[in-house]
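Everything on this sheet refers to the single structure shown next.
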Amino acid sequence: MIMKLLTIKNLNSGYGDIKVIKNVSLEINTGEIVSIVGANGAGKTTLLKTISGVIPAESGEIVFDGKRIEHLPPHMITDLGIIQVPEGRRIFPMFTVYENLLIGSVLPRTIKERKNNLERVFELLPRLAERKTQVGSTLSGGEQQMLAIGRALMGMPRILMLDEPSLGLSPKLVSTVFEIISKINSQGITVVLVEQNVKQALKLSQRAYVLENGMIALEGSAEKIINDPQVKKAYLGL
Amino acid sequence: MDAVKTKKISLIVLFLVIGFIIPQFVTKPYYLHVITMCLLWAYLASSWNLFCGFAGQLSLGHGVFTAVGAYVAVMLFNDYNISPWIGMFAGAGAAVLLSILIGYPTFKLRGAYYALATVAIGSGVVVLIENTQALGPFRVGGAEGLIVKLMGNAPAFFQFMSKQPYYYIALVMLIIVVLFAFWLKNSRLGYYLSALKEDPEAAEALGINVRNAKLVAAAYSAFFTAIGGVYYAMLIRYLEPNAIAGPMMSNEMVFLAVVGGSGTVLGPVVGGITLHAISEVIQFYFGDLAQGLHLFIYGLIVVFMIMFKPQGIIEILQKYYNRFLGITDRGEDEKSVKRTAGS
């Protein structure tokens, strides 16, 4: 049976007078990997930020696990288990790897599980264990991305939202990061993946939404979208 | 490891002993007063640092809190004979309330906008005090200021005939604020503050309630700053709106903390003591030479410090401190400068 974990209905949001997200509706089911793809400025990041409460929704509904959340402040949304890996990683450069991970589990429900979560993260991302005492700014780009993912996992997400995890990484590292995302998903964590790297993202996910000018232009199974002639032309260069 | 610990403890003991025996050697009231002012400024800079240094918020209006603390305590004392020892907590409580009232709307502002808001509030409060003659049954005194009524030698009312007790009170206050800063830095809240200092959005995304963390830290800072204001009032025995609330007061706290090393536990102490001592010395030697020359020299020193040692004087001391302890690891070095300076 398919369980709807996150439902968005007729969502509008933006910055002041500038409307970025226009009437977006989408659904995320438990256990899925869903990609949200689109060009620069399509509103992908704004959509994620609206879900996580950083930008207030102007109208529309965001329902998570049966609860309306569009009016909640960011820290409460995080507490429900919607955790974002922000674009450009945003790790704390002066904190060590270990401290970066610890600050990922500031919520009361995660503090008790801190030890187990640390073990899980180090098992999934052994590189972080090696670099444990190193300061964040001294890590390579790929390692920083892994740290950002590990930090988010410390918050015990039910939905992990990744904003452009492949940004600025070499092709080989991109594959590594995508492998890690797939492993995280196999542990039962629902993943929302926002990507400009359309091809790889679609390969990884079950379903996808194509965002254009703040509106959903296309939705459906990843297979359907990857074979859509429009998408092929516009995003895959085929 | 044990040798390092012994060295650390002996260094702390040495400083405490020096602190406590200074009045035995410095007997001239003027010199003791100057040293006492150094301690007070170190205390005020440390209080500012509790929020602004640790959380990276540039408040240029902390004079508001010294003023509220001082005026509340002095008004209670002048008009109702309530000892400033009690009044100081009433003043500090009022400052905490005010910090929340100010923080609630302004903590949404980032960077320069927050700084500008604090400047505006600071100037507003000066004007407000200057134009208030009385507040209910309390005399405020308006622009001409408020004289603290004289009781003679009355330790129960925070008044002493000699300078020595004032010195020791300032020293104890400074020790308390440093211990508090050390605790705060290593507490959970301290880590929240460092995180939101480095990246408020990332901190928020991880579930840190950024605004609450700021409000709590600002309340601590307002509390300690207000107590410093009460002390200042009792030491000078005269409140002048511009001196206690104005930009001189507010900016000085920032200069001392930044030049010493903001965001570290001991930076503001080092900055407060050395910079204030320098300012007193140049005022002593150049004060008569030309009007305002000492301020000009003082300003130059501040500018050069900020240009060449942006991390503060503490950065230089940290190097010697580590050498003394026998720590040479560079990675450790960098970290300890930022985090546990002088622990």
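Side notes on the structure shown:
- For the range B:117-150, residues that are small (Gly, Ala, Ser) and part of a loop (DSSP other than H, G, I, E, B) total 3.
- Take the conditions (1) under 14 Å from the mean Cα position of the chain (by Cα); (2) more than 24 Å from residue A:38 (Cα to Cα); (3) buried (at least 20 other Cβ atoms within 10 Å of the Cβ); residue A:139 misses just one of them, which is (1).
For (1) of a type in the set (Ser, Thr, Tyr); (2) not in a helix (DSSP H, G or I), each residue gets a yes or a no:
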| residue | (1), (2) |
| --- | --- |
| B:32 | no, no |
| B:35 | no, no |
| B:38 | no, no |
| B:44 | no, no |
| B:48 | no, no |
| B:51 | no, no |
| B:57 | no, yes |
| B:61 | no, yes |
| B:66 | yes, no |
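- Residue check, residue B:163 touching a His at 6+ places or on another chain (Cβ under 8 Å) and either within 30 Å of residue B:12 (Cβ to Cβ) or touching a residue at least 40 places away in the same chain (Cβ under 8 Å) (or both): yes
- Condition broken by residue A:144, with the remaining ones in (1) closer than 21 Å to residue A:110 by Cβ; (2) without any contact (Cβ under 8 Å) to a residue 60 or more places away in the chain satisfied: (1)
- Single match in A:169, A:173, A:202, A:160 (criterion: closer than 28 Å to residue A:75 by Cα and out of contact with any His (no Cβ under 9 Å at 6 or more places or on another chain)): A:160
- Residue within the range B:245-258 that is more than 13 Å from the chain's Cα centre (by Cα) and buried (at least 24 other Cβ atoms within 10 Å of the Cβ) present: yes
- When the test is whether a residue is over 27 Å from residue A:179 (Cα atoms), within 14 Å of chain B (Cβ to nearest Cβ) and touching a residue at least 40 places away in the same chain (Cβ under 8 Å), residue A:55 passes it.
- Boolean, residue A:152 is touching an Asp or Glu at 6+ places or on another chain (Cβ under 9 Å) and among the hydrophobic types (A, V, I, L, M, F, W, C): no
- Among the conditions (1) of a type in the set (Val, Ile, Thr); (2) under 20 Å from residue A:48 (Cα atoms); (3) more than 15 Å from the chain's Cα centre (by Cα), the only one that residue A:181 does not satisfy is (3).
- The residues on offer are B:221, B:194, and the sole one that is within 9 Å of another protein chain (Cβ to nearest Cβ) and touching a residue at least 60 places away in the same chain (Cβ under 8 Å) is B:194.
- Hits in the range A:145-160 (condition: part of a loop (DSSP other than H, G, I, E, B) and either within 13 Å of the chain's Cα centre (by Cα) or aromatic (Phe, Trp, Tyr) (or both)): A:157, A:158
Each value in this text was obtained by applying a stated rule to the coordinates, not by laboratory testing. It should be emphasised that the depicted structure is a prediction, and the values quoted were computed from it without experimental measurement. Counting neighbours? That spans all protein chains shown, and the Cβs are built from the backbone with ideal geometry, glycine included.
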